[in-house]
Amino acid sequence: MANVTETVGVTGHGGAHAHPDFLQHHFDTPKQQFAAAKLGMWLFIATEILMFGGLFCAYAIWRALDPEVFDQAHHFLNKIMGASNTVVLLFSSLTAALAVRSAQLGKRNQTSIYLVVTILCACAFLVIKYFEYSHKIHLGLLPGHCFGHPGFSGSIQNGEEVGTCLRVRGDTPAGNPEWVRAVDEDGRIQLLSPRANMFFGLYFIMTGLHGVHVIIGMSILTWVLVKNIQGKFSKEYFTPVDLGALYWHLVDLVWIYLFPLLYLVGKPE
Amino acid sequence: MALEHPHADHHDSLDDGGVHAHVSSAQFYWGIFAALVLLTIATVKVSYYDFGSLNILVALLIASIKATLVATFFMHLRYDSLFNTLTFIASFLFLALFILLTYDDLGHRAKYDVDYGSSVMLRTGQAAPGGMPATTATANEVPGAPPGPAEKK
């Protein structure tokens, strides 16, 4: 990111070869500096995709091993809330793209307005997520709550209620499985396999890591907004607006895959 | 959809060292957003139909169309350096490699025994290290347990 506090001033004499304030000394031209910043951002986006990739890999493997349990457990996610959050994020991506467009045209106030709308959408996303999380935590679907590791849950009595779910113990050759009884989003009583723990574990970790990215994205956009209000950007120099928006679009991209994989995939009932 | 060109086209060929980004019109961005919302509605609608094992492919196909729209237009890859696009696509290729090799490893290391909920070594037939201890059976096999899943209220 360019050091905007460095005030070198115009060092060149010819108009075309002027050295503007925002251009760092190790770059020849603003164009070169912009291209380098973009390349760096895209490399960073690639590492982000690979970081989420580890979780997507875990999801793919566990889903392939346990399709029925994933199918059953996904009925505990609310499609309407998930779809609303998708639209909220898509809209925030639109306003982020429009903020960059305004910055490209040098319309400072318009850029600020679009950035504020983007940040507000991020807040709305987190509020919806809060309602989803609190409902699931209330149901006891958080790992370690209703779902305990068999090695650590010896003290749980048969039929003991944890939150609103019920742990049921039965004797099988395989040991003492603890089934979890809870009401899903369609209002049906489901008897969840203890292995549904893996689905909810992945759900909380994947959406949680995504949520952390939403918060980081909000902070970045707020920083860009402050700099924009201070008048640090212009038609010639809007790199931070562009890169901040790229980060925000990445957050959107990850959610575009998370939503169908967690909320929608499975047999409809 | 109309595209605006606030910078005259000859600026692109004339390299004055300045940043001359392609500026799409606001209507164009709204059009992309409308397409994304329609695809979101479509993916929710089709989730109520059962295509069997194709469910996940249909969902991933629609998600990939949406991701392509976001990357191409919102993230400006259409007008950006080709190398950035390659960087982006390469990350997905390496992710695919990662998942495929993990699948391959899983298929050759141990076999998953659904009845016992654990992995079994192919050569010895013993439980493979790691993972949860055997804790599973289907609901119908549990004596005295409440009736099976999807019980109507």
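Values in this text are rule-based calculations from the coordinates and carry no lab data. The structure presented is a predicted model; accordingly, all values stated were derived computationally and were not measured. Neighbour counts run over all protein chains shown; Cβ positions are idealised from the backbone, glycine included.
Between B:T102 and B:D15, with labels modelled 7 Å along Cα→Cβ, what's the label distance in nm to one decimal, could you check?
Taking the simple label geometry, B:T102 and B:D15 are separated by 4.3 nm.
Could you give me the radius of gyration and the Dmax of segment B:25-80, taking only the C-alpha atoms into account and expressing both in angstrom?
So, for segment B:25-80, Rg and Dmax equal 13.3, 42 Å respectively.
Using alpha carbon centroids, what distance separates segment B:52-94 and segment A:251-269, in Å?
15 Å
At what distance in nm do the modelled label points of B:S81 and A:K107 sit from each other, each positioned 7 Å from its Cα along Cα→Cβ?
Reported label-point gap for B:S81 and A:K107 is 3.0 nm.
Can you flag which of A:K129/B:K45; A:K38/B:K66; A:K267/B:K66; A:K38/A:K227; A:K136/A:K227 are past 29 Å Cα-Cα?
A:K136/A:K227
Can you sort A:L264, A:L139 from fewest to most other Cβ atoms within 10 Å of each residue's own Cβ?
Taking fewest neighbouring Cβ atoms as first place, the list is A:L139, A:L264.
Can you work out the PRE-style zone for A:W223? Point 7 Å along Cα to Cβ, and I want the residues of segment A:240-256 with backbone N under 15 Å.
Only A:240-248 pass the distance filter.
Only counting other Cβ atoms within 10 Å, I'd like B:T102, A:T207 sorted with the fewest neighbours first.
Fewest-to-most Cβ neighbours within 10 Å comes out as B:T102, A:T207.
Obtain the nm distance between the two label points defined at A:V87 and B:V120 by a simple spin-label model: each point lies 7 Å from its Cα along the Cα-to-C-beta direction.
Rounded to a tenth, the inter-label distance reads 5.0 nm.
What list do you get for A:D184, A:D21 if you sort them by fewest beta carbons within 10 Å?
A:D21, A:D184
Excluding A:K38 itself, what net charge comes from residues whose Cβ is under 14 Å from its Cβ, given Lys and Arg +1 and Asp and Glu -1?
0
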